[in-house]
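Visitor: Below are the structure tokens for one structure; questions will follow.
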Amino acid sequence: MKTQIKVPLFDLNYDEHEEKEILNTIRSKWISIGPQNEKFENLFAEMLGVKHAVAISSCTGALHIALSTIGINSGDEIICPSLTFVATANSIKFVNANPIFCDITSIENPTINPEKIKELITPKTKAILVMHYGGFPCSMDEIIDICKKNNLKLIEDACHAPLSKYKGRTIGTESDIACYSFFSNKNISTGEGGMIVTNNNYYNNKARLLRSHGMTSLSYERSKGHSTGYDVVELGFNYRLDDMRASLGIAQLQKLKKDIQRRMELRKLYIEQLSEIDELVIPFKDQMQFSSNYIFPVVLKDSNYIERGSIRCYLSKKGIQTSIHYPAVHQFRIYNHQYYDLPVTEYFASTEITLPLYSNLSEENLLYVCSSIKEAIYKSRNEKKTFNCESN
Ligand SMILES: Cc1ncc(COP(=O)(O)O)c(C=O)c1O
């Protein structure tokens with residue numbers, strides 16, 4: 001018999017606000033890109049304090065547009081982490097460039113290691129593509145400095161990091177282009193969706209063209225009489241966000257700060273409960289800055305993927321959903337034809353467990369997760385027990 005899920009990994013914070021916004025859009029009878037997109041973009045740009053925000057149908061599309069916009073060409077090298085979602089690296093392939101995978105700094109700070117970035121720079125390197133793991137910022141000062149000294153562009157995969165701070169500065173505001181995701185389990189959920197932000201007028205104009213076939217006007221503008229025809233000036237894509245999703249995004253933006261504040265309180269409680277477990281490392285444990293807290297990762301010390309699998313099965317049997325962020329991208333079959341020396345990434349990727357975190361996670365359930373993981377580790381290390389998921 002299948003165990004019932006008691007604590008899911010993620011839960012959507014939707015209520016009547018999202019219902020009202022989407023209903024209004026449906027009733028307006030304009031459901032593709034239009035006024036809700038414009039409103040969503042303006043609110044997003046204002047929230048981050050950037051000049052431009054361009055709504056896109058996904059972050060994968062946003063990353064593709066970002067790399068096309070900054071002029072990446074065939075054979076160029078882009079340095080990026082391997083500890084990320086595969087879309088980060090795939091977007092580099094979409095523009096016929098080569099991802100050069102870089103190790104993370106440490107188990108405690110699993111963001112791209114600036115010292116290792118320096119070792120990977122060659123005459124072919126054109127950009128660095130960073131990812132703010134779990135919403136916790138990369139070492140931006142060092143990375144910006146490397147980009148300036150080597151004349152490299154900087155793109156941020158900020159999917160996990162809306163409103164996160166780095167030394168008091170807002171993530172996503174200091175690079176050439178930053179990209180966000182609104183996939184259902186993200187801090188801002190629209191089902192599918194993404195955003196490009198930039199302070200550069202040229203990048204903004206180019207991204208707008210590329211998102212809609214390189215056309216000089218949108219059908220909404222034409223329907224309002226703002227233009228009668230269009231030209232096609234770039235080889236663009238259809239990466240438009242529809243107005244139904246944009247209206248969900250508008251409702252989600254209104255909740256974001258409060259949602260994050262609650263996540264921060266829950267994270268504090270997790271840390272209080274789990275710090276005493278010697279066998280666990282809690283990444284970014286001492287990070288006190290405002291952070292999106294997209295996920296709550298823990299890493300098993302002196303462990304491997306077999307024990308990690310066993311502990312996840314024990315939790316699963318207790319009705320607790322967990323995940324892995326992430327399998328190392330350079331070990332996937334489409335990327336593993338080349339040797340990469342990424343020991344920290346490989347250890348992290350095989351021993352990390354993502355525990356449930358979302359603003360409406362009850363403290364009771366959080367404590368249940370903590371006591372269950374303590375039990376699992378005790379049984380694994382002291383009683384030498386292993387668990388499998390088969391009877392689940
Ligand atoms: C780090 C990272 N990059 C890129 C993506 C791709 O985003 P999307 O699903 O919106 O295309 C995700 C989404 O899971 C992500 O977590």
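Here, each number is a calculation from the coordinates, and none is a lab measurement. Just so you know, these numbers come straight off a predicted model, no measurement behind them. With ideal geometry, Cβ positions are generated from the backbone for all residues, glycine too; neighbour counts draw on all protein chains shown.
Visitor: Select from Y305, Q261, A251 the residue farthest towards the positive end of the dipole of the range 249-320; place +1 on Cβ of Lys and Arg, -1 on Cβ of Asp and Glu, and compute about the Cα centre.
Guide: Farthest towards the positive pole: A251.
Visitor: Please build a GNM for the chain, connecting alpha carbons under 10 Å apart, and tell me which residue among S303, S291, S227 fluctuates the most.
Guide: S227
Visitor: Compute the Rg to Rh ratio over the range 109-233 from the alpha carbon atoms, using the Kirkwood formula for Rh, and round to two decimal places. Mind showing how you got there, number by number?
Guide: Values: Rg = 17.4 Å, Rh = 16.5 Å.
Computed over Cα atoms, the ratio is 1.06.
Visitor: Now, a different point. Most exposed first by the Cβ proxy, i.e. fewest other Cβ within 10 Å, how do F332, F387 rank?
Guide: Numbers: F332 13, F387 20.
By the 10 Å Cβ count, ascending: F332, F387.
Visitor: With +1 on the Cβ of every Lys and Arg and -1 on the Cβ of every Asp and Glu, and nothing else charged, how large is the dipole of the chain about its Cα centre, in debye rounded to the nearest 20? Spell out each step's value before the answer.
Guide: On the way: 45 positive and 45 negative charges, 100 e Å.
It works out to roughly 480 debye.
Visitor: Another question about this same structure. Quick one: order C80, C159 by neighbouring beta-carbon count within 10 Å, fewest to most. Working shown, then result.
Guide: Values: C80 25, C159 30.
Arranged by neighbour count, lowest to highest, C80, C159 become C80, C159.
Visitor: Still on this structure, please answer the following. Summarise the long-distance tail of P(r) for the range 227-352 by giving the % of C-alpha pairs beyond 26 Å.
Guide: Numbers: 3832 of 7875 pairs.
It works out to 49 percent of all Cα pairs.
Visitor: Here's a follow-up. What percent do you get for the relative contact order of the chain when only Cα pairs under 8 Å and 6+ apart count? Please list the in-between numbers first.
Guide: On the way: 806 pairs, mean separation 90.3, N = 392.
That works out to 23 percent.
Visitor: Let me ask something additional. Residue farthest toward the positive end of the dipole of the chain, with Cβ of Lys/Arg at +1 and Asp/Glu at -1: which of A158, S212, P99?
Guide: Comparing the listed Cα positions along the dipole, S212 ranks first.
Visitor: With the radius of gyration and the Kirkwood radius both derived from the Cα set of the chain, what is their ratio Rg to Rh? It would help to have the intermediate numbers written out before the result.
Guide: Details: Rg = 21.6 Å, Rh = 21.9 Å.
Reported Rg/Rh, Kirkwood definition of Rh: 0.99.
Visitor: What order do you get for V329, V299 when you list them from fewest to most C-beta neighbours inside 10 Å?
Guide: Numbers: V329 26, V299 21.
In order of increasing Cβ crowding within 10 Å: V299, V329.
Visitor: How many Lys pairs in the range 257-381 lie less than 22 angstrom apart by Cα atoms, where the lysines are 8 or more positions apart or on different chains?
Guide: 15
Visitor: Could you give each residue of the range 127-133 its phi-based ³J(HN,Hα) in whole Hz, using Karplus coefficients 6.51, -1.76, 1.60 with θ = phi - 60°, and x for Gly or Pro?
Guide: 7, 10, 10, 9, 9, 8, 4
Visitor: Turning to a different aspect of this structure: Provide the per-residue ³J(HN,Hα) series for the range 107-120, in order, calculated from phi with Karplus coefficients 6.51, -1.76, 1.60 and θ = phi - 60°, each as a whole number of Hz, with x at glycine and proline positions.
Guide: 5, 6, 10, x, 10, 3, 8, x, 5, 6, 4, 4, 5, 9
Visitor: Can you grab the distance from the C-alpha centre of the range 9-87 to the C-alpha centre of the range 129-208, Å, no decimals?
Guide: 12
Visitor: Separate question: Among the Cys residues of the chain, which have no other cysteine Cβ under 4.7 angstrom away?
Guide: So, C59, C80, C102, C138, C147, C159, C179, C370.
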